[in-house]
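Enquirer: What follows is a structure written as structure tokens; I'll ask about it next.
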Amino acid sequence: MTDTVLPPARVLVVEDDRELGPLLLRLFRSAGYEPDLAPDGQAGLHLALTHRYDVMILDRGLPAIDGLDLLGRLRRSGVTVPALVLTALGTVSDRVTGLDSGAEDYVVKPFEVEELLARVRVLLRTRVATAERLTVGGAAFDLITRTVTRSDGAVVALSGRESDLLRLLARHPARAFTREEIVARVFPDASGVALVDTYVHYLRRKLGATAVATVRGVGYRLGRA
Ligand code: CA
């Protein structure tokens, strides 16, 4: 068995507190992670939907979209990244509500940074096992075996190029790509953009017509398999 060297874990911090946010950013940087800071729920939602993170730290008390609301939206959008919710509320019912909303862990403010880091390490333990899996709507996409396990249990095998195209779309589920961008990133050896349409057709034939969505005037984005 060979050791897999993982890149630094990417951490999304959503915290509106002007002191705590930058402090968490520095804390995670000095712990060897690559953190991004979103100062409100809207920015957090955007970052979480357009980037790939290994763990999310969500403040519960945020303006406009609070931390639990944000987490609920992300879970409904298929974002399965482990989440730790920070909160000033520490009653049992608050913790239960937090965990019920889809958080993997819950830390009450004020907290010791060592404890926060230890809990984040626990959440990152599953990273090796999940690093090569993406979701496509309700289906699980395994990048190693190039198979998609649909929500009805059917397993569909993809070719290398089909898998490369689906991986690009699944890694950026909220983003639409132009055919030119797809060629540049997935089929750099192709002579034109028509190849993109061909592989979108193949993916739809294998995974269902809704697996890849057409965005009028732009190109394609991930759909639901
Ligand atoms: Ca707050």
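Enquirer: Can you give the accessible area per residue of the range 132-222, in Å², using a 1.4 Å probe? Before the final figure, lay out each step's value.
Expert: On the way: 4600 Å² over 91 residues.
Ligands and nucleic acids excluded, the result is 51 Å² per residue.
Enquirer: Could you pull out the longest piece of the chain with no exposed loop GluC sites (Glu not before Pro) in it, calling a site exposed if DSSP puts it outside H, G, I, E, B and it has at most 13 other Cβ atoms within 10 Å? Intermediate values should be presented prior to the final figure.
Expert: Numbers: sites that count: 19, 112, 132.
Between the exposed loop sites, the longest stretch runs 133-225.
Enquirer: While we're on this one: Quick one: P(r) of the chain from all Cα-Cα pairs, 5 Å bins, percents rounded to integers, in order of increasing distance.
Expert: 1, 6, 14, 17, 16, 14, 12, 10, 6, 3, 1, 0, 0
Enquirer: How much length is gained on full extension from residue 93 to residue 19, taking 0.36 nm per residue of separation minus their Cα-Cα distance? Please list the in-between numbers first.
Expert: Working: separation 74, 0.36 × 74 = 26.64 nm, distance 2.78 nm.
The span from residue 93 to residue 19 would gain 23.9 nm if fully extended.
Enquirer: Output the relative contact order of the range 86-225, whole-number percent, from Cα pairs under 8 angstrom with separation of 6+ residues.
Expert: This gives 19 percent for the range 86-225.
Enquirer: Hey, another quick one. Given the rule -39500 (n - 2.57) for each run of at least 4 DSSP H residues, summed and divided by the residues of the chain, what is its mean residue ellipticity at 222 nm, to the nearest 500 deg cm²/dmol? Walk me through the numbers before you get to the answer.
Expert: Values: 9 runs with 90 residues, N = 225.
That comes out to -11500 deg cm²/dmol.
Enquirer: Next up: I want to verify a result. In a Gaussian network model of the chain, Cα cutoff 10 Å, which of these has the top mean-square fluctuation: 61, 138, 44?
Expert: For the chain, modelled as a Gaussian network with Cα springs under 10 Å, the answer is 138.
Enquirer: Return a whole-number percent for the relative contact order of the range 9-78, with Cα pairs under 8 Å and 6 or more residues apart as the contact set. Please list the in-between numbers first.
Expert: Values: 111 pairs, mean separation 26.6, N = 70.
It rounds to 38 percent for the range 9-78.
Enquirer: Along the Cα→Cβ direction, 7 angstrom out, place labels at residue 125 and residue 191. What is the inter-label distance in nm?
Expert: 5.5 nm
Enquirer: Please list, ordered by chain and number, the residues whose modelled amide H lies under 5 Å from the amide H of residue 54; skip anything fewer than 5 residues away on the same chain.
Expert: Here 10, 11, 12 satisfy the definition.
Enquirer: With every protein chain left in place and a probe of 1.4 Å, what is the accessible surface of residue 30, to the nearest 10 Å²?
Expert: Per-residue accessible area (residue 30): approximately 100 Å².
Enquirer: Determine ³J(HN,Hα), in whole Hz, for all residues of the range 36-47 in sequence, where each value follows from phi through the Karplus function 6.51 cos²θ - 1.76 cosθ + 1.60 and θ = phi - 60°; x replaces Gly and Pro.
Expert: Whole-Hz 3J(HN,Hα) from phi for the range 36-47: 10, 10, 10, x, 7, x, 5, 5, x, 4, 4, 5.
Enquirer: Compute a Gaussian network model of the chain, connecting alpha carbons closer than 10 Å, and tell me which residue from 146, 119, 18 fluctuates the most.
Expert: Its mean-square fluctuation being the largest, the pick is 18.
Enquirer: A further question follows. Just need the Rg to Rh number for the range 10-129, please, alpha carbons only, Kirkwood Rh. List each step's numbers first, then the result.
Expert: Numbers: Rg = 12.8 Å, Rh = 14.0 Å.
With Rg and the Kirkwood Rh in hand, the quotient comes to 0.92.
Enquirer: Springs between alpha-carbon pairs under 10 angstrom, Gaussian network model over the chain: which of 177, 141, 111 fluctuates most?
Expert: Among 177, 141, 111, the largest mean-square fluctuation in the Gaussian network model of the chain belongs to 111.
Enquirer: Between 0 and 90 degrees, rounded to the nearest ten: what's the tilt of helix 160-171 against the longest Cα principal axis of the chain?
Expert: 30 degrees
Enquirer: A follow-up question, please. Assign unit charges at the C-beta atoms only (+1 for Lys and Arg, -1 for Asp and Glu), then state the dipole size of the range 1-111 relative to its Cα centre in Debye, rounded to the nearest 20. Please report the intermediate quantities before stating the final value.
Expert: On the way: 11 positive and 16 negative charges, 28 e Å.
Here the size comes out at about 140 debye.
Enquirer: What is the Cα radius of gyration of the range 58-179 over 2.2 N^0.38 Å, N being its residue count?
Expert: On the way: Rg = 17.4 Å, N = 122, 2.2 N^0.38 = 13.7 Å.
The value comes to 1.27.
Enquirer: Measure off 7 Å from each Cα along the Cα-to-Cβ vector at residue 151 and residue 216, then give the distance between these two points in nanometres to one decimal.
Expert: Using points 7 Å along Cα→Cβ, the separation is 2.6 nm.
Enquirer: Given the range 2-71 reduced to its alpha-carbon atoms as identical point scatterers, what log10 I(q)/I(0) does the Debye formula return at q = 0.14, 0.24, 0.26 Å⁻¹?
Expert: -0.41, -1.01, -1.14
Enquirer: What residues have an amide H closer than 5 Å to that of residue 211, excluding those fewer than 5 places away on the same chain, when H is modeled at 1.01 Å from N in the peptide plane?
Expert: 224
Enquirer: Could you look at the range 35-171 and say what percent of its accessible area is carbon and sulfur, using a 1.4 Å probe and all protein chains? Provide the component values of the computation, followed by the final result.
Expert: Working: 3400 of 6390 Å².
Here carbon and sulfur together make up 53 percent of the probe-accessible area.
Enquirer: Another question, if that's okay. Averaging over every viewing direction, what projected area does the convex hull of the Cα atoms of the range 132-222 cover, in nm²? Can you show the working numbers first?
Expert: Values: hull surface 21.6 nm².
About 5.4 nm², averaged over all directions.
The values are calculated or read from the model by the stated rules, or taken from the named source; none is laboratory data. Values in this document were obtained by computation on a predicted structure and should not be read as measured data. No Cβ is skipped: glycine too gets one built from the backbone with ideal geometry, and neighbour counts run over all protein chains shown. Quick note on the areas: whole protein, heavy atoms, side chains included, nothing else; ligands and nucleic acids left out. Shrake-Rupley method; radii C 1.70, N 1.55, O 1.52, S 1.80 Å.
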